[in-house]
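Colleague: Mind having a look at this structure? Questions to follow.
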Amino acid sequence: MKGNGSDNQEAKPLRYGYTTGSCATATAKAALTALILQETQLESTIRLPIGQDVTFMMVRCEYSDEHAEAEVIKDGGDDPDATHGARIYATVTWRQEPGIELDGGIGVGRVTKPGLPVPVGEAAINPVPRKMIRDAVAEVLNQYEIHRGVKVVISVPDGEEIAKKTLNGRLGIIGGISILGTRGIVVPFSTAAYKASVAQAIRVAVKCGCKQAVLSTGGRSEKYGMDMYPELQEEAFIEMGDFVGFALTQCKRQGIEKVTLVGMMGKFSKVAQGVMMVHSKSTPVDFGFLARVAEESGATAEQIATVREANTAALVGDLMLEWGYAGFFERLSFYCCQSGMNEVQGGMEVETVIISMKGQLLGKASLPPGGA
């Protein structure tokens, strides 16, 4: 593909990739052009939503009088994207009725639950890619002064397998991946993309009738939450990652009545201090704060000094367990609840559950909607 970011040898910036929506648009344009001209199209230039023109190289283009297909290999750039390297192709056929019909084929999921930007029953092709594809197809029809209806079907041969690495199943997208993208490019390690997925997961939970959301920092803590609340439906369990404040705010905004935070010492020792973005590089663990909590839990002066000199929050947790201060974890959980309540300014119940690396319960606490 042309038009990608520079490969500066000195700085070596992370390389942008392109969304599934951009790939689908490029293939639809190439396939329709091949159908009209009855010529193989090896390149397809489209305008991205951010205003940039990008040329995609086709790896396959076939056509007949009534049907054409064009295919690309998705380039996710330097983002660890589940769809990087996926084959995406468009099949374009003439139709009797006027207008542009758009659908998903093999490997593109179907929406089965409310709360997504696509209605139940339709192919999981999000609004921006839908508009991109329709605009590109209309542009080609106008360019060649064609007044016929066309049907465009987007397919991803390995989509069903790729979807197993995503949250699609829990969101109610069955049978494949989603065709996504709001900007047309994939920004490496994009926090915006992760936040969008968290917000969407919360929206689906609400639409499916969930009143409680269990927010976890990762897979192990999510599993603990599922074991803790077996009666809750699967949509209630959401991996918030490092975005504690964002996830809490979204839950409050979307009407969740109770939030359970499940995580481990490292990240939750930050939440207890009021840090709501808990990436390892965001804010260092405050061992002075943990020493104060140890003191409140009855630790000796010598033990408090040891906590103050510790090098990881996990080590502090191990020490407090070894010394028999179970109350330390309850206090820390309570402070997490207070921080969460401050973040959303009340209005929902906040519960915190701190577990060990081995999935053992260390401590828990909760605050009612009105706070302490």
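The values are calculated or read from the model by the stated rules, or taken from the named source; none is laboratory data. Since the model is a prediction, treat every value here as computed from it, not as a measurement. Counting neighbours? That spans all protein chains shown, and the Cβs are built from the backbone with ideal geometry, glycine included.
Colleague: Determine, yes or no, whether Arg220 is under 30 Å from Ala86 (Cβ atoms) and surrounded by fewer than 19 Cβ atoms within 10 Å (Cβ to Cβ).
Modeller: yes
Colleague: Restricting to segment 115-157, count the residues that are within 19 Å of Glu97 (Cα to Cα) and among the polar types (S, T, N, Q).
Modeller: Number satisfying all stated conditions: 1.
Colleague: Looking at this structure, is Ile174 surrounded by fewer than 21 Cβ atoms within 10 Å (Cβ to Cβ) and assigned by TED's automatic domain parsing to the domain that holds Thr83?
Modeller: So Ile174 passes the test.
Colleague: State the number of residues belonging to segment 150-205 that are among the basic types (Lys, Arg) and without any contact (Cβ under 8 Å) to a residue 40 or more places away in the chain.
Modeller: The qualifying residues number 1.
Colleague: When Ala236 is evaluated against the numbered criteria (1) farther than 18 Å from Val353 by Cβ; (2) surrounded by 18 or more Cβ atoms within 10 Å (Cβ to Cβ); (3) aliphatic (A, V, I, L, M), which criterion, by number, is the only one it fails?
Modeller: Status for Ala236: all satisfied but (1).
Colleague: Is one or more of the residues making up segment 82-100 surrounded by fewer than 14 Cβ atoms within 10 Å (Cβ to Cβ) and closer than 30 Å to Glu234 by Cβ?
Modeller: Yes, some residue in segment 82-100 is surrounded by fewer than 14 Cβ atoms within 10 Å (Cβ to Cβ) and closer than 30 Å to Glu234 by Cβ.
Colleague: Okay, next question. Can you give me the number of residues within segment 249-258 that are buried (at least 22 other Cβ atoms within 10 Å of the Cβ) and either under 12 Å from Cys336 (Cα atoms) or free of Cβ contacts under 8 Å to residues at least 24 places away in the same chain (or both)?
Modeller: So the answer is 0.
Colleague: Something else now. Looking only at residues in segment 25-50 that are among the aliphatic types (A, V, I, L, M) and surrounded by fewer than 16 Cβ atoms within 10 Å (Cβ to Cβ), which one is nearest to Arg134 (Cα to Cα)?
Modeller: Across segment 25-50, the extreme among qualifying residues is Ile50.
Colleague: I'm told Gly181 meets every condition in (1) at pLDDT 90 or above; (2) in contact with a Pro (Cβ under 9 Å, 6 or more places away or on another chain); (3) not assigned by TED's automatic domain parsing to the domain that holds Met348 except one. Can you identify the failing condition by its number?
Modeller: Of (1) at pLDDT 90 or above; (2) in contact with a Pro (Cβ under 9 Å, 6 or more places away or on another chain); (3) not assigned by TED's automatic domain parsing to the domain that holds Met348, only one is false for Gly181: (1).
Colleague: Which of the following residues is under 15 Å from Gly21 (Cβ atoms) and either assigned to a strand (DSSP E or B) or not assigned by TED's automatic domain parsing to the domain that holds Val153 (or both): Ile133, Ile50, Ile46?
Modeller: It is Ile46.
Colleague: State yes or no: is Met357 under 30 Å from Gln212 (Cα atoms), assigned by TED's automatic domain parsing to the domain that holds Val262 and exposed (fewer than 15 other Cβ atoms within 10 Å of the Cβ)?
Modeller: yes
Colleague: Same structure again: Can you name the condition, by its number, that Phe328 falls short on among (1) closer than 17 Å to Lys267 by Cα; (2) in a helix (DSSP H, G or I); (3) at pLDDT below 95?
Modeller: (3)
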